[in-house]
Amino acid sequence: MKGLGILNKISVPVMPVCVFKKVDSALRVCELLLKNRFEIIEITLRTEEALECIEAVSREFPELLLGAGTVLEKNEIDMIAGCGVSYAVSPCFERDLALYSREKGIDFVPGVATPSEFYQALKVTDTVKIFPAENLGGAKFIKSLSAPFKKIRHGIIPTGGVNEKNFMEYLSLENVSACGMSWPVDGKLVESGNYREIDNRLRFILEELDKGE
């Protein structure tokens, strides 16, 4: 697949973005991800149980490329270091945080929304998140944003408003390496234990990807 860094290690170009309140829920979702050939997961630090879920997933599913999301502070990098986390994702770009994450051996994926942020982020990382992608203008915005930077090697992960209706449009762009999507692992489905629908949504993504090949 297209892309750099961590994204070279996955074959399905979708990064499920998950919010978990229970370890059991996290493990069940991971079973479904692997069943459907998804090799990567982002667990956001939005709940008190997030770190416990990260530790459990790392222990039970070492084959998954595990990341922590909504990382905003250096102490959060310290928290996830040593927990089997391969990468950290932030909704924004802060140079010191990106460098600190790299010092700890964790790939850092910052969120950017402007050409200036994009350019500054690419000085310290090869992969950036465009966030919130759909509100910023969707695929057309990303195409315009990345055009002046073609000489710079980079991979883009659009996140925010990416769903079953538009993810293939994003993936058709030259520098988009993967889409960050909460749709297949929607928090309401997880909380209600509707794993059948989660499984259906994961299979739908695979079917759409197969059609697009």
Exercise. How high is the relative contact order of the chain, in percent, counting Cα pairs under 8 Å that sit 6 or more residues apart?
Worked result: 22
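For residue 207 and residue 31, compute 0.36 nm times the residue count separating them, minus their Cα-Cα distance, and round to one decimal in nm.
Contour length minus Cα-Cα distance gives 61.5 nm.
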For this session: Take residue 73, project a point 7 Å from its Cα along the Cβ direction, then tell me which residues of region 91-119 have their backbone nitrogen under 13 Å from it.
Result: none
Exercise. Looking at the square roots a ≥ b ≥ c of the eigenvalues of the Cα gyration tensor of region 1-108, which shape do they give, rounded for a/c under 1.5, prolate if a/b is larger than b/c, or oblate?
Worked result: oblate
Exercise. Gap in Å between the Cα centre of region 92-164 and the Cα centre of region 4-66?
Worked result: 21
Problem set entry | About the Cα centre, charge dipole magnitude for the chain (Lys/Arg +1, Asp/Glu -1 at Cβ), debye | 660
Exercise. Just the Cα atoms of the chain: what Rg and Dmax do they give in Å?
Worked result: 16.0, 47
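Distance check, please: which entries in 74/143; 22/74; 74/150; 150/188; 129/165 exceed 28 angstrom between their Cα atoms?
74/143; 74/150; 150/188
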Exercise. All other residues with a Cβ under 13 Å from the Cβ of residue 60 taken together, and with Lys, Arg as +1 and Asp, Glu as -1, what is their net charge?
Worked result: -3
Problem set entry | Residues 153, 46 arranged by fewest to most Cβ contacts within 10 Å | 153, 46
Exercise. Once amide H atoms are built 1.01 Å from N in the peptide plane, which residues 5 or more positions from residue 111, or in another chain, come under 5 Å H to H?
Worked result: 90, 92, 93, 129
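Values quoted throughout were computed directly from the atomic coordinates according to the rules given, and no laboratory measurement underlies them. It should be emphasised that the depicted structure is a prediction, and the values quoted were computed from it without experimental measurement. For neighbour counting, all protein chains shown are included, and Cβ atoms are generated from backbone atoms with ideal geometry for every residue, glycine included.
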